[in-house]
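*Asks:* My structure is below; once you've seen it, I'll send some questions.
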Amino acid sequence: MKPEKGSESTPYLPDTNSPPDSPFITDIRAACSSVMPTKYVRRMEEALRLYALHDEQRLAYSTAYSTALWTVGIQSGWMSVAVWLAVRGYRFADPVQSLASGVTSNRALQRFFTPLPLFGLVMGGLTFAQLPADVRFLLSARDNCKKEEELKHAAMESWSEALAEGAAEVERAGMHQPSPP
C-alpha cells in the first residue's frame, strides 16, 4: 500500500527516479536558509563534483608518476651496475672459463662469454629494452597530471561563475539572506 503524500503516520519519500527540484545539500539548515535559486546551486554542486572527480584522477596520475619516476631511477642505477659488471668482468675474464670456447677461438669473444660479463650484458640488455616503455609511461603520467590540474581549475572557475551569477540574481530580485537565529 502506497502512503499518501503528507500522511502523518509515514513520512513522504520522493520517487528516486524523479527527485524533486532541489539541490543535493546535505546540511538541511543551509538548504532552508539559502536564497540562491536552485539552478545556480545545482551548477555549483556539479562543479564541485567535477572538481572532486578530477582531483581523484590527478591523485591517481600523480601516484603513477612517482612510481614511474622511482622505476626509471632504479633502472638507471641497474644499468650502471650492468655496465660495471660487463666491463669489470671483461677486463679480468679468463678465456678458458668461457661458455663460447668450444665454438670460437677469438679471445675477445671468449672473454665476453665468461659468466660475469655475460650476466652484465644480459642484465643491461633487458633493462635497456624495458627503459623506453617506462620513460613513455612516466611522461604520459606527467602530462595527464597537468591536464587534470587544468580541468580542476576549469571546474573551480565554473563554480565561481555560478556563484557570481546566483549572487547577482539574488541582488537583482532584491532577496536578502535571512539572519541566523
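Only the coordinates and a few stated rules stand behind these numbers; no lab work does. These numbers come from a predicted model, not from an experiment. Heads up, the Cβs are rebuilt from the backbone with ideal geometry, glycines too, and the neighbour counts pull from every protein chain shown.
*Asks:* Under 28 Å from Leu50 (Cβ atoms) and of a type in the set (Gly, Ala, Ser): which single residue out of Ala108, Ala100, Ala93, Ala162 fits that description? Walk me through it before giving the result.
*Replies:* Values: Ala108 fails: under 28 Å from Leu50 (Cβ atoms); Ala100 fails: under 28 Å from Leu50 (Cβ atoms); Ala93 fails: under 28 Å from Leu50 (Cβ atoms).
After applying the criteria, what remains is Ala162.
*Asks:* Just give me the residues in region 121-159 being over 15 Å from Leu48 (Cβ atoms) and among the charged types (D, E, K, R), in sequence order.
*Replies:* Across region 121-159, the qualifying residues are Asp134, Arg136, Arg142, Asp143, Lys146, Lys147, Glu148, Glu149, Glu150.
*Asks:* Is it the case, given these coordinates, that Leu131 is in a helix (DSSP H, G or I) and crowded, with 16+ Cβ neighbours inside 10 Å? Don't jump to the end; show me each part of the working.
*Replies:* Values: in a helix (DSSP H, G or I): yes; crowded, with 16+ Cβ neighbours inside 10 Å: yes.
The answer is yes for Leu131.
*Asks:* Within region 134-154, work out how many residues are surrounded by fewer than 16 Cβ atoms within 10 Å (Cβ to Cβ), under 21 Å from Gly77 (Cβ atoms) and of a type in the set (A, V, I, L, M).
*Replies:* 2
*Asks:* Only one of these is within 41 Å of the chain's Cα centre (by Cα), surrounded by fewer than 17 Cβ atoms within 10 Å (Cβ to Cβ), closer than 30 Å to Lys39 by Cα and small (Gly, Ala, Ser): Ala173, Ala167. Name it.
*Replies:* Ala167
*Asks:* Then there's this: In the set Ala93, Ala86, Ala100, which member is of a type in the set (A, V, I, L, M), outside any helix (DSSP H, G or I), touching a Pro at 6+ places or on another chain (Cβ under 9 Å) and more than 30 Å from Asp143 (Cβ to Cβ)?
*Replies:* None of the others qualify; the one that does is Ala93.
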